[in-house]
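Structure below; questions to follow.
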Amino acid sequence: MNAIDGARLLPWTSWDGKPCYLLRGKGIGYVSRLADRVEAEQMTSAAELVEDSGRVLAERAWTPGEIHLLAVELNAHLTKVLRVSESRGARLLFLEGDIDGDDGDDEDSGGFEAPPIA
């Protein structure tokens, strides 16, 4: 779970590399929408890099410097994707707890719907 229960892990860090959190709310505020856009851009960028890296590796005509740069870029994007998955997973777990412990209170669940449980 997050360091702060119910808080959203944001897709960026503070100036000194510490995680940033958004306290639970309706999920429709400016920072929440900005975080959604940043996450979407990070996921799109990672998908494009995976596609590009596949082409580079398939050509089998790279220099050690190109492979090093590719590894650095893949690591950076993988770090961002991992952060997005941690944030979304924590929110799903939090919502699952709300569903399991439903006390009849109709308080907004932070603007996120839990997927159907199969």
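Starting from one equal scatterer on each C-alpha and no solvent at all, send me the Debye-based log10 I(q)/I(0) for the stretch 15-69 at q = 0.23 Å⁻¹, two decimals.
Cα-only, vacuum Debye calculation for the stretch 15-69: -0.93.
What is the sum of charges, Lys and Arg at +1 and Asp and Glu at -1, for the other residues whose Cβ falls under 15 Å from the Cβ of Lys80?
Details: positive: Arg37, Arg83, Arg88; negative: Asp36, Glu39, Glu41, Glu48, Glu73, Glu86.
After counting each charged neighbour, the total is -3.
Taking the Cα-to-Cβ direction at Leu69 and at Leu34 and moving 7 Å from each Cα, how far apart do the two end points lie in nm?
Modelled inter-label distance: 3.2 nm.
How long is the gain from Asp16 to Met43 if the chain were fully straight, where each residue apart is worth 0.36 nm and the alpha carbon distance is subtracted?
Numbers: separation 27, 0.36 × 27 = 9.72 nm, distance 2.34 nm.
Net length gain for the segment: 7.4 nm.
None of the figures in this text is laboratory data; all of them are computed from the coordinates on show. Predicted, not measured: the structure shown is a model, and the values here were computed from it. For neighbour counting, all protein chains shown are included, and Cβ atoms are generated from backbone atoms with ideal geometry for every residue, glycine included.
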